[in-house]
């Protein structure tokens, strides 16, 4: 009997090539092709300027330079602005940049010219010889400057407002006015960024013999890139293949597309008739990819004596940078996912999405949820402090109860669908978390530490995450005559172990050996219909699609095997790749079933002889029946009515140094519910990584822009990403498995969860240690030190 | 512009000799990747902070993005491709990463593997704190490091198992 793979900690198959240095990332491709050319980009050194003139005359003198492009050299769709990927009626003033700047630059890092040369060194030499005359314009940096609107980022966008959006369920303001207690909070979160270890990169090769373009890109959406490349270069979709090789991390930034280079590289490859590569360097990643997180929030909340939220009114201002290619996804997610596991009786949210002369903003792991969670959880803590109640008690009072699912919030989510939670058990999660972190014993610990002159604090934060957004994913399963199973799904992989997790699903569904399954992701030649890897959707969407496709292949296998074994399909079972009649010795290998599924005229090996025309089939019937097709394959798509909602709770105990204000993590606990777990090892790895990224976002990382729009810390030397010494030494994790009723495997997404509650949970713990409110994140020791000075004269609040 | 002068450089990598012609400014990381075709060494920052490009130069961990290829002529260089055992099986450090889920996207992994390989030669029996210290100069954005620390300790365990087997046989 085949061992059940779903739910097992199966070691990852992809590790073998990664550990041997045999991974193939985009910059590794075509390295042995002597015709390969390399590229470099001239980027704006100014945050806001008009381009008066670009002089490239010195460039072509550089030996080894092959070509240079500016906007003037672009034609047709390439000369038009880049697509606005996700339009929304509220985005009344959406703007996107050009592949190469036309007339104006709006952030330091915006692409101006593209040079192709024999190697990157020479291409960079050439870039430095391009002369641009600029007429300087006033830069708009930061949310206060954008709101003040003394200067405009885009002359035709009044007040720097790209969008205004409001949603309401009930009458929040009336409920607040009538509530026994009211609190007001102002809460800020700063900019950060995904910063995967591998930056962006694209390679393209035009094959004149077949008139086909192949593009390899370090992207989170092969099909998205393919659609854009075909449209911009005026090619039929059928002429363009996009392949995503191994990707060195994404975390959201690589879902945006097409980047200028994703179009310029294929354009250059077609124009020059030679393969061309672009590999982003680290500084470029900081100034010309994407950031996220910066938002200012104003909260008014009305509640009763138990802390029950009667009315919640939130207004916030979202800094979306210089352009809006990804629409309003991030602020819409904040505005809806802010609600977490709670059910405020009345809720109103309104936001403005603002232009600034800084790098564009697109989703970064968590995508607006960390800010929303920060706002809601700070509000819960403020209510608890005000009422003198335990923070877990106030939360429990506001929880949606297990018998209230599906729970409708009366709002519209980021996918244009109703915000309706499918399942969860928040009270049970809270019980687990309290136990895991030692919530009830903490006061004892605090006293113990205080006796030693040490200051500690505890915090918790809860979140709900809409995962597995549509519209769909698909899968193709092919059982070869060898019995091996080749599976393709269109979304991409950036380290999540899809080759392992998806193979586990196929092994179980089909009844084959895990080792015989091979998964391909992100290759439009193998699966041209797909969306992408974002929003914790891969396991839910492609996992479900792969399960459904495997079921189809299995149905066909059973039908053919039943005929061959002269048995009823109902009596058959498949295990370890063998179909057998229950209770008998009669059996047939799936490989042989595959042979029988494809009637042949020509034999090419021993196995195929069995399928030739004198060997099989009823001579009175067509070899392939009218409603059938040759081959042992299954293909299917999964398209759910709406997202499935995972949830979790984090708690942290921190120690703050009484002298230096250094913040140390003593304990970190996570309770996580992402439905049924395919591979607990991989899920825990995702949580570890998310928590580390959250620690970075809460305590270390920020984008230090000066008032002229220069990013002062655009290197790993200055942007403080956590090393092993900054993260919790261990994370206590407990799982709850509340299956989703929306998909056949009962799974929910897990990828982003670890990072969502970080800002909230650290703010809560630091506040608990220090006794004054923490309203802005991230927080550094020097900022905490300043806060201590500011609050030095205040009496310690009673909690 | 004048033609860039090229230098004949003989690099000793993983026991093989690579004759390459490179300009003086060519980074060792680029020479390994693009001239020797050893793309297992990855470049994450090109300013010596992330450690992804770490290779062993005469056994010592070195950021290959901070070294010029022309200055590596007399050295024995080991890259991730050279870490596997002679029979092609994974080294104890490599095996430990697989056992402990010490990698996700795999991009930073070669730098960790080389760093730890050298680290365990210097500190063959590290405590957990020493294991953390060993990897404290390398960045990883996926794993949160907990499983990498575990991998260091597991590698020590595997090495001990192998030594035990050798001493028995």
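Just the Cα atoms of the stretch B:92-164, one point each, no solvent: what log10 I(q)/I(0) does Debye give at q = 0.17, 0.27 Å⁻¹? After summing over all Cα pairs, the log10 values are -0.51, -1.35. Starting from the Cα of residue A:737, step 7 Å toward the Cβ, then list every residue of the stretch A:625-654 with an amide N under 16 Å from that point. Answer for this model: A:647. The calculated FRET efficiency for the pair residue A:401 and residue A:793, based on their C-beta separation and a Förster distance of 56 Å, comes to about 0.80.
Return the FRET efficiency for the residue pair residue B:66, residue A:24: r is the Cβ-Cβ distance, R0 is 22 Å, and the value is rounded to the nearest 0.05. With R0 = 22 Å, the Cβ-Cβ based efficiency is 0.30. Taking label positions 7 Å along the Cα-Cβ direction at both residue A:136 and residue A:211, the computed distance is 5.2 nm, reported to one decimal. For the stretch A:613-653, the C-alpha radius of gyration divided by 2.2 N^0.38 Å, with N the number of residues, is 2.72. From the Kirkwood radius over Cα pairs of the stretch A:427-468, Stokes-Einstein at 10 °C and 1.306 mPa s returns a whole-number translational diffusion coefficient of 130 µm²/s. Over the stretch A:27-158, the hull volume per residue, using the convex hull of the C-alpha atoms, is 149 Å³. Taking the average, over residues, of other Cβ atoms within 10 Å as the packing measure, peptides A:253-266, A:603-616, B:65-78, A:445-458 rank A:253-266, B:65-78, A:445-458, A:603-616 from highest down. Alpha carbon centre of the stretch A:586-617 versus the stretch A:639-715: separation in Å? The stretch A:586-617 and the stretch A:639-715 have Cα centres spaced 54 Å from each other. Radius of gyration (Cα atoms) of the stretch A:230-280, expressed as a multiple of 2.2 N^0.38 Å: 1.23. I'd like the FRET efficiency for residue A:177 and residue B:127, computed as 1/(1 + (r/R0)^6) with the beta carbon distance as r and R0 of 45 Å, rounded to 0.05. FRET efficiency, residue A:177 to residue B:127: 0.15. Per the Kirkwood treatment, what hydrodynamic radius in Å, one decimal, follows for the stretch B:6-82 from the mean inverse distance over all distinct Cα pairs? So the Kirkwood estimate lands at 11.9 Å.
Please work out the C-alpha center-to-center distance from the stretch A:363-391 to the stretch A:721-799 and express it in whole Å. Cα centroid of the stretch A:363-391 versus Cα centroid of the stretch A:721-799: 10 Å apart. Potential lengthening of the chain between residue A:603 and residue A:584 amounts to 3.7 nm, from the contour at 0.36 nm per residue minus the alpha-carbon distance. Mean silhouette area of the stretch A:473-638, derived from the convex hull of its C-alpha atoms and averaged over all directions, reads 10.4 nm². Using only the C-alpha atoms, the convex hull of the stretch A:241-331 corresponds to 172 Å³ per residue.
Kirkwood hydrodynamic radius of the stretch A:646-770, from the reciprocal of the average inverse Cα-Cα distance over all distinct pairs: 16.0 Å.
Mean separation of Cα pairs under 8 Å and 6 or more residues apart, divided by the residue count, gives chain A a relative contact order of 15 percent.
Label sites at residue A:718 and residue A:450, each approximated as a point 7 angstrom past Cα along Cα to Cβ, lie 4.3 nm apart.
Each of A:352, B:86, B:165 was scored by other Cβ atoms within 10 Å of its Cβ. Listed from fewest to most, they are B:86, B:165, A:352. Run the paramagnetic zone check for residue B:25: 7 angstrom along Cα to Cβ, then residues of the stretch A:62-82 with backbone nitrogen under 16 Å. Answer for this model: A:62-66.
In the distance distribution for the protein assembly as shown, Cα-Cα pairs more than 50 Å apart total 23 percent.
The tail of the calculated P(r) for the stretch B:60-102, taken as Cα-Cα distances beyond 17 Å, holds 48 percent of the pairs.
Starting from the Kirkwood radius over alpha-carbon pairs of the stretch A:538-588, derive D by Stokes-Einstein at 4 °C in a medium of 1.567 mPa s and give it in µm² s⁻¹.
110 µm²/s
Projected over every direction and averaged, the convex hull enclosing the alpha-carbon atoms of the stretch A:655-724 yields 7.5 nm².
Determine Rg/Rh for the stretch A:15-100; Rg is computed over alpha-carbon atoms and Rh is the Kirkwood hydrodynamic estimate from the same atoms. When Rh is taken as the Kirkwood radius, the ratio is 1.09. For the stretch A:189-341, the percent of C-alpha pairs falling in each 10 Å distance bin, counted from 0 to the bin holding the largest distance, reads 10, 32, 25, 16, 10, 5, 2, 0.
For every helix of n ≥ 4 consecutive DSSP H residues, a contribution of -39,500 (n - 2.57) applies; sum these over the protein assembly as shown, divide by its total residues, and give [θ] at 222 nm rounded to the nearest 500 deg cm²/dmol. Rounded to the nearest 500, the figure is -8000 deg cm²/dmol. Site pair residue A:612 and residue A:525 shows an inter-label distance of 3.1 nm when each label is modelled 7 Å from Cα along Cα→Cβ. Residues A:413, A:251, A:716 in ascending order of nearby Cβ atoms (within 10 Å, fewest first): A:413, A:716, A:251.
Label zone (residue B:3, point 7 Å along Cα-to-C-beta; backbone nitrogen cut-off 14 Å) within the stretch A:57-92: A:63-64.
Here is the size of the stretch A:543-697 from its Cα atoms: Rg then Dmax, 26.6, 92 Å. From the alpha carbon centroid of the stretch A:439-514 to that of the stretch A:122-180 is 35 Å. Exposure proxy ranking for A:43, A:537, based on other Cβ atoms within 10 angstrom of each Cβ and starting from the fewest, stands as A:43, A:537.
Using the Stokes-Einstein relation with a Kirkwood hydrodynamic radius computed over Cα pairs, the translational diffusion coefficient of the stretch B:24-169 at 25 °C and a viscosity of 0.890 mPa s comes to 159 µm²/s.
Read the figures in this text as sums done on the coordinates, not as results from a lab. Just so it is clear, the model here is predicted, and its values are computed rather than measured. When we count neighbours, we look across all protein chains shown, and the Cβ atoms used for this are built from the backbone with ideal geometry, even at glycine.
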